[in-house]
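Below: one structure, written as structure tokens.
The values are calculated or read from the model by the stated rules, or taken from the named source; none is laboratory data. This is a predicted model, so every value here is computed, not measured. Every residue, glycine among them, receives a Cβ derived from its backbone with ideal geometry; neighbour counts consider all protein chains shown.
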Amino acid sequence: MKDLPRITVEIWSDISCPWCYIGKARFARTLAAFPQRSQVDVIHRSFELDPGLSHTAATTSPEHAQKYGMTPAQARAAEENLAALAREEGLAYAVEGRDHGNTFDLHRLLHLAGAHGRRDELLDALYAANFATESSVYDAARQAALAIGVGLDADEVQAVLADPTAYADDVRAEEADAAALGITGVPFFVVDRTYGISGAQPTEVFSEALMRSWTDKAPKLTALGDSADGACGPDGACELPGSGPAAA
């Protein structure tokens with residue numbers, strides 16, 4: 001028997017992106033209900049929403065909102081709306097007390113985690129630390145603790161954080177791939193390099209993309225002979241020689 005086809009889903013995201021946090025949960029819920037979920041490979045990719053942010057200092061949420069022309073009241077309302085959507089997915093979300101910073105080192109750590117098969121676990125830990133708590137995820141000690149907490153070796157983690165070139169090329173390569181595909185915002189889901197889904201869409205959208213991809217790949221049979229001869233139907237009726245259908 002031939003091996004069943006596989007579906008590859010690539011997800012470009014950034015740890016600072018609340019829609020990525022929500023979108024990951026929505027996609028995970030969709031995948032859990034997909035009948036062929038064991039045939040789906042999920043690969044997380046790097047994307048920086050604001051690579052110009054400082055590597056050494058984080059900004060507070062009000063400061064970050066002001067940068068995008070939002071008043072404190074507008075920012076608060078937006079955060080409340082995001083919190084409500086996150087909680088619908090079973091995610092904790094802190095409306096106040098969070099900060100924003102450069103995510104490049106976080107992506108480098110995610111590549112280290114990927115080398116050990118723990119990228120998904122670290123991504124979840126980084127999202128939770130960034131959106132569900134008031135502890136900064138942009139502090140090197142905090143980053144190290146989170147990476148070690150998902151099972152990465154402490155010495156390896158410290159070595160990556162101490163060397164700004166470690167996994168830097170891997171991050172840049174995935175960002176270049178995103179640019180080549182025309183991806184300008186995240187989350188962005190690419191199914192088999194055929195279907196693109198922008199944003200934290202409802203589960204129905206993800207489900208449709210998975211099913212379309214599976215239908216594209218599923219084995220198809222070419223019928224030979226007369227399909228009416230020598231066969232029994234699903235209702236138990238069988239075609240007998242020289243007569244019409246008879247009950248089995």
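The single residue among Ala132, Ala154, Ala141, Ala179 that is within 18 Å of Cys17 (Cβ to Cβ) and exposed (fewer than 14 other Cβ atoms within 10 Å of the Cβ) turns out to be Ala179. In region 39-58, the qualifying residues are those that are assigned to a loop (DSSP other than H, G, I, E, B) and acidic (Asp, Glu), and the one that is modelled with the highest pLDDT is Glu48. Looking only at residues of region 126-178 that are under 16 Å from Ser46 (Cα atoms) and of a type in the set (A, V, I, L, M, F, W, C), we find that the one that is farthest from the chain's Cα centre (by Cα) is Ala166.
For region 202-225, filtering for residues that are surrounded by fewer than 19 Cβ atoms within 10 Å (Cβ to Cβ), among the polar types (S, T, N, Q) and either touching a strand residue (DSSP E or B) at 6+ places or on another chain (Cβ under 8 Å) or in contact (Cβ under 8 Å) with a residue 24 or more places away in the chain (or both) leaves 2. Does region 22-36 contain any residue that is in contact with a strand residue (DSSP E or B) (Cβ under 9 Å, 6 or more places away or on another chain), of a type outside the set (Val, Ile, Thr) and not in a helix (DSSP H, G or I)? So far as region 22-36 goes, yes, one or more of its residues are in contact with a strand residue (DSSP E or B) (Cβ under 9 Å, 6 or more places away or on another chain), of a type outside the set (Val, Ile, Thr) and not in a helix (DSSP H, G or I).
Condition check ((1) in contact with a helix residue (DSSP H, G or I) (Cβ under 8 Å, 6 or more places away or on another chain); (2) modelled with pLDDT under 95; (3) among the small types (Gly, Ala, Ser)) across all residues:
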residue: Asp170; (1), (2), (3): yes, no, no
residue: Asp177; (1), (2), (3): no, no, no
residue: Val186; (1), (2), (3): yes, no, no
residue: Lys217; (1), (2), (3): no, yes, no
residue: Asp226; (1), (2), (3): no, yes, no
residue: Pro241; (1), (2), (3): no, yes, no
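Could you list, in sequence order, the residues of region 91-118 that are farther than 21 Å from Gly23 by Cβ, within 20 Å of the chain's Cα centre (by Cα) and of a type in the set (D, E, K, R)? Correct list: Asp105, Arg108. In the set (1) surrounded by 13 or more Cβ atoms within 10 Å (Cβ to Cβ); (2) over 27 Å from Glu88 (Cα atoms), the condition left unmet by Val190 is number (2).
Against the list (1) under 28 Å from Ala32 (Cα atoms); (2) surrounded by 13 or more Cβ atoms within 10 Å (Cβ to Cβ), the condition Glu88 fails is (2).
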